[in-house]
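J.: Provided herewith is a single structure, encoded as structure tokens, for subsequent inquiry.
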């Protein structure tokens, strides 16, 4: 319809024209006025809400009001009740089937009153009531008549019975039911039980300042984790080629090697949120709480993806379910829920699961299958180069002297983990402050190393001269045998200053390089060094002491391992006797399980004794040959109490030159000694 035709229709029908004009006016009015937002339902903050506290307060106020407005009532024994009747302290008695009540007030208050209305119009402040349980006593009524005590009976009415039922049964049950509905309503408003929430420490994006530069001594592990970081930063290039990143990465390694710090460094490098929690945070005494926390954890992780979820000490919930005798329903439910959640989300969601454990051998196989923890990254103890790098990282936080040589400290700390090295640096700083120095010196690091290995010095411990002399010969015997044994670790220090719990002295040996394998001769050499202390005591004093108990225990352990674990016996060559729980990196767990006969056990015991006797005889012969040198080093040790490596090597060199000169002057003696 054209505009002209529309105007003609309006002229022909005035009603239509008027209605259209009204519509136009309404549209103009609505367009000129601002649109009002729909009114929100306001909540009156002052509106009273039911609260258990208010209910209990009302009951307390009602009880106090009842106590103040009602007469004082005392419950007494029936015999005492009769005595008060005789004494005139009770003027009226109310006889009920369940209780007797006696009233004490003046008769002026009761003049003109009916017996059953005494408490309604009497002055309540002057009334005192005694109560007692009724007893079948035929002399009680004559006693009341004799002393002129008014008495009357009050039958138990239906109202009183109903009131008693209401107060003792209905009201308490009603309060419990009301409280239950109140708590369930509040729990329903919260959505879930509060202890069903996960306990993860959520670190938002950019708040983690730890990067790979702060992690040293784990270069191989960092290379493995760089792909995870790149995937979190640039997931499109992996998805474009059809590749999938691992859903989970398991960090395995001995305690203190930096697994947790490495996981934080991954989150710091990727700049994503980081969920950190321990495996023990899932387990509670309530069944089902752990599974609820797992569900809540993954729900939050999906909302904040891309992110990293780090579960420390995974073995707390991931133990194998094969051992039914040691099963735990709560732990198994938590593990099952974790398996379901890890299998339920894809790599496209951007949630990476990192976990750490030092006991991967006890984990459930379902956790380690492809699709869950696809990759295992080894975080091992650092080597010499790694230890030096770790020391440099931790030394940046303290003030070091220019003369400090961290490479020597790294060489002396073979087998130390990253946490041990961090503790060593901190102990050195504390020792420098104790000595009132402004910088950490090399001697502080060496003293800290001795403190970590042997314990704190105890110069206040008093040792008599005879025991001190025996300790000196004992430690010198260790050091001298170590110096004369091929492939033995060189001696760094000899000391007769007491340290630790029971060490009266110690001999420190420092390996020149990291060793991962040992030959049969190396093991026998270690036994010789351990037996050197007792051999020196026997040579000098003609008798042995209890000071070699720890040495003998370690020597016996080495000999036993040679026979049972390493297959170095003549009869059972290349045979392992006994089965021991395999720990991580070859560390044994628990006692060995015996899987051989009594005759084999007898053979093992005899072989251990034969090895120790043979090596002890050899060590005795060696120290007798070097007895002069043994006495010279011991006298020097008694004089200064501590011999370092330089002083010890100097005395060995002097002795060698003297022996060479003596051999040149007396060749017959030299050939005899060689034979």
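The values are calculated or read from the model by the stated rules, or taken from the named source; none is laboratory data. Since we're looking at a predicted model, the values are computed, not measured. Note: ideal-geometry Cβ built from the backbone for every residue, glycine included; neighbour counts use all protein chains shown.
J.: Does residue 505 satisfy the condition of being in contact with a strand residue (DSSP E or B) (Cβ under 7 Å, 6 or more places away or on another chain) and under 24 Å from residue 449 (Cβ atoms)?
T.: Judged against the criteria, residue 505 is a match.
J.: Can you find, within the range 442-456, the residue that is farthest from residue 502 (Cα to Cα) among those that are in contact with a helix residue (DSSP H, G or I) (Cβ under 7 Å, 6 or more places away or on another chain) and in contact (Cβ under 8 Å) with a residue 24 or more places away in the chain?
T.: If we take residues in the range 442-456 being in contact with a helix residue (DSSP H, G or I) (Cβ under 7 Å, 6 or more places away or on another chain) and in contact (Cβ under 8 Å) with a residue 24 or more places away in the chain, then 445 is farthest from residue 502 (Cα to Cα).
J.: When you look at residue 445, is it surrounded by 21 or more Cβ atoms within 10 Å (Cβ to Cβ), within 41 Å of the chain's Cα centre (by Cα) and farther than 24 Å from residue 621 by Cα, yes or no?
T.: yes
Quick grid of which residues meet (1) outside any helix (DSSP H, G or I); (2) in contact (Cβ under 8 Å) with a residue 24 or more places away in the chain; (3) surrounded by fewer than 18 Cβ atoms within 10 Å (Cβ to Cβ):
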residue	(1), (2), (3)
518	yes, no, yes
521	no, yes, yes
524	no, yes, no
529	no, yes, no
540	no, yes, no
544	yes, no, yes
547	no, yes, no
550	no, no, yes
553	no, no, yes
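J.: Across the range 404-420, what is the number of residues that are exposed (fewer than 15 other Cβ atoms within 10 Å of the Cβ) and touching a helix residue (DSSP H, G or I) at 6+ places or on another chain (Cβ under 6 Å)?
T.: Qualifying residue count, the range 404-420: 1.
J.: Select, from 372, 359, 331, 321, the only residue that is modelled with pLDDT under 90, closer than 18 Å to residue 275 by Cβ and assigned by TED's automatic domain parsing to the domain that holds residue 296. Break it down stepwise before answering.
T.: Details: 359 fails: closer than 18 Å to residue 275 by Cβ; 331 fails: closer than 18 Å to residue 275 by Cβ; 321 fails: closer than 18 Å to residue 275 by Cβ.
Exactly one of 372, 359, 331, 321 is modelled with pLDDT under 90, closer than 18 Å to residue 275 by Cβ and assigned by TED's automatic domain parsing to the domain that holds residue 296, namely 372.
J.: Also, I was wondering about something else. At least 1 residues that are at pLDDT 80 or above and in contact with a helix residue (DSSP H, G or I) (Cβ under 7 Å, 6 or more places away or on another chain) in each: list the strands (runs of 3 or more DSSP E) lying fully within the range 125-214 that qualify.
T.: Values: elements: 128-132, 150-153, 201-203.
Result: 128-132, 150-153.
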